[in-house]
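As structure tokens, the structure follows; a few thoughts come after it.
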Amino acid sequence: MEAVTEVGAAGLYLYAIVPEPEAPRALGAGVGGAPLRLVSAGGVAAVVHDGPTAPLTGPDEEVTEWILQHSAVVERVWALGGTVLPAGFNVLVAPGDGESAEERLRGWLTASAGAFAARLRALSGLVELRVEIDLDQRVAARSDPEATQLRDSLGERPPGVRRLLERKLDELERDAAERRADELYRDARRRLAEHSVDLAENRRAHPPRGFATVLNVAVLAERDAVEPIGSVLADLREEQPGVRVSFIGPWPPYSFTGALDVAEAGGSL
């Protein structure tokens, strides 16, 4: 579907695709308090609110609040049905080609119903977790002879020379940490995969200064696997000095929607 940008036209704001319910549901309110409703076709349904076709824009604080409200809707319908295909923030359906926004949305649902239904079944009962493992480069470089020798000699050098050598030391430590992170990656990913249905790499993430990324993934797993995955991460932190672990969730499966890729954040239908 092509984007239509006529401001003020009757559009729909899309939150998620869910199985068509057997009975009406009270969905509550969405972004900005807008009442939610379902648009159904082909055995699946879209959670939407009525509004203009122009994207939501405003001060950063207001946009942040809208994003949180959007996420709250996705989590609410996920809890109601046990499965959901979330849409990103600010995905809009606009009228066009002589059709209303609702008619266009129904056409899209009908054409994609088979793919949506299959993905919803595949994700039923599953949760997403975000796992990030980083390695402190100074700790990782403790066994590197060149880095150790250079670090020990810094106190003897004049300030100007010391600054140059500190940059060299940073390079040595970073290289040592990245080599060790590569070694740890294979083991960490294997151990997570033992408790997961799927893993999706987050290649856009960057570690904080002074750290090397070991692993940064979204994990798709059964709810019962959340605790075992936490235990795996605790073991990794204990086994490797300098490892820092971030483990958050469970969430709806944002990274594993597959069939809903057309409705990425900020897009239009």
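Numbers at a glance
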| item | result |
| --- | --- |
| ³J(HN,Hα) computed for each position of the stretch 170-176 - Karplus, 6.51 cos²θ - 1.76 cosθ + 1.60, integer Hz, glycine/proline x | 4, 5, 4, 5, 5, 5, 5 |
| Neighbourhood net charge (14 Å Cβ-Cβ; Lys/Arg +1, Asp/Glu -1) for Val219 | -3 |
| Spacing of the two label points (7 Å from each Cα toward its C-beta) at Glu183 and Glu22, in nm | 5.7 |
| Contour minus Cα-Cα distance for Ala118 and Val63 (0.36 nm per residue) | 16.5 nm |
| Sites matching trypsin sites (Lys or Arg not before Pro) across the stretch 182-231 that sit in DSSP coil, with at most 10 neighbouring C-beta atoms within 10 Å | Arg203, Arg204, Arg209 |
| Electrostatic dipole magnitude of the stretch 19-78 [Cβ: Lys, Arg +1; Asp, Glu -1; Cα centre; debye, to 20] | 260 |
| Amide hydrogen neighbours beyond the local backbone of Asp144, cut-off 5 Å, H modeled | none |
| Residues of the stretch 25-55 with amide N under 15 Å of a point placed 7 Å along Cα→Cβ from Ala79 | 26-30 |
| Vicinal HN-Hα couplings computed from phi for the stretch 105-114 (Karplus, 6.51 cos²θ - 1.76 cosθ + 1.60; Hz; Gly/Pro x) | 5, 4, x, 5, 4, 4, 5, 9, 4, x |
| Amide H partners (placed H, <5 Å) of Gly11, local residues excluded | Gly51, Thr53 |
| Most to least accessible of Phe116, Phe247 (protein chains only, probe 1.4 Å) | Phe247, Phe116 |
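The values are calculated or read from the model by the stated rules, or taken from the named source; none is laboratory data. For clarity, every value in this text was computed on a predicted model and none was experimentally measured. We place every Cβ from the backbone using ideal geometry, glycine too, and count neighbours over all the protein chains shown. Ligands, DNA and RNA are stripped out before the accessible areas are found, and what is left, the full protein with its side chains, is counted by its heavy atoms. Shrake-Rupley method; radii C 1.70, N 1.55, O 1.52, S 1.80 Å.
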